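The values are calculated or read from the model by the stated rules, or taken from the named source; none is laboratory data. What you see is a predicted model, and the numbers here were worked out from it, not measured in a lab. Cβ coordinates were reconstructed from backbone atoms using ideal geometry, including for glycine residues, and neighbour counts include every protein chain displayed. To get the accessible areas, we keep the full protein, side chains included, count just its heavy atoms, and leave off ligands, DNA and RNA. Shrake-Rupley method; radii C 1.70, N 1.55, O 1.52, S 1.80 Å.
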Amino acid sequence: MFQVRIHGRGGQGVVTAAELLSAAAFAGGLWSQAFPSFGSERTGAPVVAYCRIDDHEIRTREPVVEPDALIVQDVTLIHQVDLFAGLKPEGYVLMNSGRSFEELGLGDLVLRLPRDHMLNVPATELALKHTGRPVPNAVLLGGLAAVSGVVPLDAVRDAITQRFTGSVAEANVAAAQEAYDFVKNEEGVLAHASPD
Amino acid sequence: MLRQIEGSRAVAEVVSMCRPEVVCAYPISPQTHIIEAVGRKVKSGELAPCEFINVESEFAAMSVSIGASAAGARAYTATASQGLLFMIEAVFNAAGLGLPIVMTLANRAIGAPINIWNDHSDAMAVRDSGWVQLFAETNQDAADLHIQAFRLAEEVSLPVMVCMDGYVLTHAVERVDLPGQQEVDSFLPPYVPRQVLDPSEPVSIGAMVGPEAFEEVRYLAHVRQLQALELIPEVAGEFAEHFGRPAGGFVRPYRTEGAETIVVAMGSVLGTIKDTVDALREKGTAVGVLGITSFRPFPGAALRDGLAGAKRVVVVEKAFSIGFGGVLSTDVAMALTGLSIPVSTVVAGLGGRPIMGKSLAAVFVDADHGRLGELTFLDLRKDLIDKELARMADRRRSGPTAENVLRDAQSVLPSLT
Amino acid sequence: MTDDAPAIARAVGTGARTTPGDSPVGQPVKFYQVGSFAAGNRLLDEAHRSVQSTLGRTNSLTSGHRACQGCGEALGARYALDAAMRAAQGRMAVVNATGCLEVFSTPYPETSWQIPWLHSLFGNAPAVATGVAAAYRAKGRDDVRVVGQAGDGGTVDIGFGCLSGMFERNDDVLFICYDNEAYMNTGVQRSGATPPGARTATTEAIGREPGNPFGQGKDMPRLAMAHQIPYVATATVAELHDLEAKVEKAMSLRGARYIHLFVPCPLGWGSAPHDTIRLARLVKECGLFPVFEAEHGEVTSVSKIRRQVPVEDYLRLQTRYRHLFGSSEPGGSEGRPDIVERIQRIADANIRRLGLLDETLDEGPPPDGSGGGLSDRAAAGVL
């Protein structure tokens, strides 16, 4: 089972991200389960959503406490929420930021995880560029597809076009594609920098 | 058709396929997504003929449903928690009048303290109302139970409540096999009421009954619940044949063969329990689980059969009777009368407290070793309890308990693991 | 046990029967006043006669019920519903709130209702009526009309939320309030429709301000008007022809309609059963209960006072106001003329506001600034 925890704030499409990811997994013939950590609907409040993916029926209803991957849609949560609680030693971290982990004060984390499992993607910028709205959720899923391979980019694209229509769908697909390419490129740089 | 869909939306899809003619909506979390989706179907004309009525309260929601059902329409509504309590007078009335209304209950805790998250306190509060109460384990289950609910309700002229865990199921997106309209149509015939407000044959419905006949009328309500008890497995069997998958029925055993400890529970927690049972079985602990689908009518005989081989029974329930203990456990113990199988109650998941497999495993192991007490509160933070008790002992004006405990809880954040 | 139909519904349902579209044929229509042609205006030209004077009347609420002698509610309900039945051509269902009318009409195992009738709860009759109307609409039976009815408690107090919701959605229901100004079914306790000064079991005639306090209560017809519903009317059981006409008018319209009917209660008011009609006439003639019609929130007609009488003439007939009047016995109380005077001012304000006397017609707001638009209950506080 592959478990993802997505952190963000109300209005950033955190729950939608988990649902899109589950739809992408479903499209690939897998079982998946997406659910929010629920609260009253308020814009700006910290929000958590989860997605589990497996090749057989998922029965547990626990929240995801030991994620295989973390998506952080808003880095201002770093000092507010215990973002990395329970993260597995081989886990993935994808953050919405143009800065490095060291710049974000997360140098310790870099030492804990495999270096190519951690990436920052300027997802809000990419979202603004393609969609005109600062909603980074679909963009980061493109990034997750690239960094973890848990779902192929095609499936993410399908999930986006099923959920949204017209130009919104197109723009989000393009943004996810660019995030995917961005991550693949970053991985290449990392691989080049540390060829072990 | 297989869909990756939110539980609420799945329920809205099947409810619409059941062709309700009057749907009432009053919003309350976590029921909202269901009625919103049904409302869209009515507004778009996809579900027709159907009157979708935005009422001013849950009391009105159930009252409108009563009027609609008495006038011969198939009536549906949904609620949760405080909403159920606000309509409770009409809930009893609908059952007393024998009106086959179907209602989704998106199970949620009851305040004070106000809490929007899941437990079963709401369903338990109307346990004795005369409604049939079915509990869904998964969203597939929730969808399937609604189709059966209309059949059951109309065949025995009783209202049916389909209970699905708020948020845990209503807001979870997962795989659901949705039937086609024709499949539902051929399973669910049009509603033919036993009693109806018909100008061509006027009847009085809802007259006052005094001591000379009240007991008999009440007894007949019980008889209809017993009829439902006979009908539930029949409908479930027919459903399985018709739709090609099992759903409904009384109880669902999982790895109970050879189990010394059998866990009993209702609703979505069964999934986590099954995973826990698998893990414990791997380690050699002889534990199994029996899920209850039909809480009212209570399938005492089926439960007795299912549990007869156990050395002990652990009931995990998301509600309790304050000042007493387990609610479901009491019924289970009654079903086991004379079998000398001890029943332990584990109260878990109140107000949305996550029920963790690890915690359950520890409790089941305790039970297996004969160490589990009669009443256990899972993951109860005794430090918080002790602090507040000390505060209350210390001074008269100790302040509001909920606020005190919350303040203490936030000063030391617990780890979920 | 093979027959599991609700015993009560079967038992009470076996009484009256009608054939589709026809008026009920359950039993012959009785005229109780013998030796007179006055009953039901049978001396009038046929076109002007009341529904009650016709042999074709439904007798919706038929004889044999257990209402008290002189019950204004029973009389009002029979007139109103028969008129509605005629307007609906016999296709109608009624939803009844808990209360006297419900209890005295359906003593188990009998029923006095010859029309489809449903009782659910005290506070939900408007919502239940909405549900019935919705069901007929969904079934393509728009021809079947729906009437909801309740006493004043079931209307202005416990049923107010549901009524307001029904009004606000403009559901296709005629709702009739039988206002006898207190909770009579439970033993005469105060409601939000109890007038100031009146004694009830929970507003006893004791203390500095005996009876129900001034400045409380709801002006339900005007609250109904504030919902901008198609039709609101008030009526009394003294003017039954007027009542029938208003019911017919209401039935000619669709959407939410409201009739507030003044029905004296001999038991609760301490009045003589034979004074029921008299009291209903006096309450209008003194100005305490304005009789008018309104459409979409605007008053469209008022029923003029024919011969104004002081409120005292109305109050003195009821022991619920006895404490306001002195006793001629030696050492007897002097009464409370000041309170009678306050009640008179309420009546006067109603007369001014609605132009209930010809000479005050079209007068502007009263010079004393006492509200210029308040009827008895609501005005009580500021006068």
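Taking (1) at pLDDT 95 or above; (2) within 12 Å of chain B (Cβ to nearest Cβ); (3) open to solvent by 20 Å² or more (accessible area, probe 1.4 Å) in turn, C:Cys68 satisfies each apart from (2).
Would the stretch B:89-102 turn up any residue that is assigned to a loop (DSSP other than H, G, I, E, B), away from chain C (no Cβ under 12 Å) and within 28 Å of B:Gly351 (Cα to Cα)? Looking through the stretch B:89-102, none of the residues is assigned to a loop (DSSP other than H, G, I, E, B), away from chain C (no Cβ under 12 Å) and within 28 Å of B:Gly351 (Cα to Cα). State yes or no: is B:Ala240 more than 8 Å from every other protein chain (Cβ to nearest Cβ), of a type in the set (A, V, I, L, M) and either open to solvent by 20 Å² or more (accessible area, probe 1.4 Å) or farther than 26 Å from C:Ala133 by Cβ (or both)? It is true that B:Ala240 is more than 8 Å from every other protein chain (Cβ to nearest Cβ), of a type in the set (A, V, I, L, M) and either open to solvent by 20 Å² or more (accessible area, probe 1.4 Å) or farther than 26 Å from C:Ala133 by Cβ (or both). Those residues that are of a type in the set (Asp, Glu), within 18 Å of A:Ser22 (Cα to Cα) and part of a loop (DSSP other than H, G, I, E, B), I need them from the stretch A:145-196; list them, please. Answer for the stretch A:145-196, where residues must be of a type in the set (Asp, Glu), within 18 Å of A:Ser22 (Cα to Cα) and part of a loop (DSSP other than H, G, I, E, B): there is none. Selection of helices (runs of 4 or more DSSP H) fully inside the stretch B:108-226 by the criterion of at least 1 residues being modelled with pLDDT under 95 and of a type in the set (D, E, K, R) returns nothing. From the list B:Met334, B:Met356, pick out the single residue that is over 18 Å from the mean Cα position of the chain (by Cα) and within 14 Å of another protein chain (Cβ to nearest Cβ). Going through B:Met334, B:Met356 in turn, the sole match is B:Met356.
Scan the stretch A:1-14 for residues that are modelled with pLDDT under 95 and more than 17 Å from A:Pro134 (Cβ to Cβ) and the total you get is 0. So which residues in the stretch B:243-262 are more than 18 Å from the chain's Cα centre (by Cα), touching a residue at least 60 places away in the same chain (Cβ under 8 Å) and either surrounded by 22 or more Cβ atoms within 10 Å (Cβ to Cβ) or within 9 Å of chain A (Cβ to nearest Cβ) (or both)? Once the filter is applied, which keeps residues that are more than 18 Å from the chain's Cα centre (by Cα), touching a residue at least 60 places away in the same chain (Cβ under 8 Å) and either surrounded by 22 or more Cβ atoms within 10 Å (Cβ to Cβ) or within 9 Å of chain A (Cβ to nearest Cβ) (or both), the stretch B:243-262 yields only B:Thr261.
Can you tell me which residue in the stretch B:218-237 is surrounded by the most Cβ atoms within 10 Å (Cβ to Cβ), limited to those that are in contact with a Gly (Cβ under 8 Å, 6 or more places away or on another chain) and within 14 Å of chain C (Cβ to nearest Cβ)? Going through the qualifying residues, I end up with B:Arg224. Summed over the stretch C:175-223, residues that are open to solvent by 10 Å² or more (accessible area, probe 1.4 Å), hydrophobic (A, V, I, L, M, F, W, C) and under 18 Å from C:Gln344 (Cβ atoms) total 1. Screening the stretch A:1-103 for strands (runs of 3 or more DSSP E) wholly inside it with 3 or more residues that are open to solvent by less than 20 Å² (accessible area, probe 1.4 Å) and aromatic (Phe, Trp, Tyr) returns no ranges. Residues that are open to solvent by 20 Å² or more (accessible area, probe 1.4 Å), hydrophobic (A, V, I, L, M, F, W, C) and in contact (Cβ under 8 Å) with a residue 40 or more places away in the chain within the stretch B:330-375 comprise B:Leu350, B:Ala361, B:Val365, B:Leu372, B:Leu375, listed in sequence order. B:Ile88 meets all of the listed conditions (1) closer than 27 Å to B:Ala207 by Cβ; (2) surrounded by 24 or more Cβ atoms within 10 Å (Cβ to Cβ); (3) not small (Gly, Ala, Ser) but one, namely (2). With respect to B:Leu290, is the statement that it is more than 14 Å from every other protein chain (Cβ to nearest Cβ), of a type in the set (A, V, I, L, M, F, W, C), within 22 Å of B:Leu231 (Cβ to Cβ) and part of a strand (DSSP E or B) true? Yes, satisfied.
Residue-wise test of (1) touching a Phe, Trp or Tyr at 6+ places or on another chain (Cβ under 7 Å); (2) at positive phi; (3) assigned to a helix (DSSP H, G or I).
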{"site": "C:Gly215", "(1), (2), (3)": "no, yes, no"}
{"site": "C:Ile229", "(1), (2), (3)": "yes, no, no"}
{"site": "C:Glu244", "(1), (2), (3)": "yes, no, yes"}
{"site": "C:Ile259", "(1), (2), (3)": "no, no, no"}
{"site": "C:Ser271", "(1), (2), (3)": "no, no, no"}
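For the stretch C:138-152, a tally of residues being part of a strand (DSSP E or B) and either open to solvent by 10 Å² or more (accessible area, probe 1.4 Å) or of a type in the set (Phe, Trp, Tyr) (or both) returns 2. Considering only residues that are surrounded by fewer than 24 Cβ atoms within 10 Å (Cβ to Cβ) and more than 20 Å from the chain's Cα centre (by Cα), which ones fall in the stretch C:118-137? C:Arg137, the sole residue that qualifies.
Can you find a residue that is over 21 Å from C:Val232 (Cα atoms) and more than 7 Å from chain B (Cβ to nearest Cβ) anywhere in the stretch C:111-130? Yes; the residues of the stretch C:111-130 include at least one that is over 21 Å from C:Val232 (Cα atoms) and more than 7 Å from chain B (Cβ to nearest Cβ). Of the residues that sit in the stretch B:1-16 and are in a helix (DSSP H, G or I) and within 11 Å of chain A (Cβ to nearest Cβ), which one is surrounded by the most Cβ atoms within 10 Å (Cβ to Cβ)? Only one residue tops the list, namely B:Gly7.
Among the residues of the stretch B:62-82, is there at least one that is surrounded by fewer than 22 Cβ atoms within 10 Å (Cβ to Cβ) and under 29 Å from B:Leu229 (Cβ atoms)? Yes, the stretch B:62-82 contains at least one residue that is surrounded by fewer than 22 Cβ atoms within 10 Å (Cβ to Cβ) and under 29 Å from B:Leu229 (Cβ atoms).
Taken together, the residues in the stretch B:354-383 that are of a type in the set (Val, Ile, Thr) and under 15 Å from B:Thr272 (Cα atoms) amount to 2.
Kindly indicate whether any position in the stretch C:333-346 is outside any helix (DSSP H, G or I), out of contact with any Cys (no Cβ under 8 Å at 6 or more places or on another chain), modelled with pLDDT under 95 and not charged (D, E, K, R). Yes, some residue in the stretch C:333-346 is outside any helix (DSSP H, G or I), out of contact with any Cys (no Cβ under 8 Å at 6 or more places or on another chain), modelled with pLDDT under 95 and not charged (D, E, K, R). Residue count for the stretch C:153-163 under the criterion of being within 12 Å of another protein chain (Cβ to nearest Cβ) and open to solvent by 20 Å² or more (accessible area, probe 1.4 Å): the result is 3. Among the conditions (1) within 14 Å of chain A (Cβ to nearest Cβ); (2) within 24 Å of B:Ser81 (Cα to Cα), the only one that B:Leu406 does not satisfy is (1). Residue check: B:His33 meets all listed conditions (1) closer than 17 Å to B:Ile101 by Cα; (2) in contact with a Ser or Thr (Cβ under 6 Å, 6 or more places away or on another chain); (3) open to solvent by 10 Å² or more (accessible area, probe 1.4 Å) but one, namely (1). Assuming B:Ile205 fulfils every condition listed in (1) within 14 Å of chain C (Cβ to nearest Cβ); (2) farther than 30 Å from B:Leu307 by Cβ; (3) surrounded by fewer than 21 Cβ atoms within 10 Å (Cβ to Cβ); (4) touching a residue at least 40 places away in the same chain (Cβ under 8 Å) apart from one, which condition is it? Going through the list (1) within 14 Å of chain C (Cβ to nearest Cβ); (2) farther than 30 Å from B:Leu307 by Cβ; (3) surrounded by fewer than 21 Cβ atoms within 10 Å (Cβ to Cβ); (4) touching a residue at least 40 places away in the same chain (Cβ under 8 Å), B:Ile205 breaks only (3).
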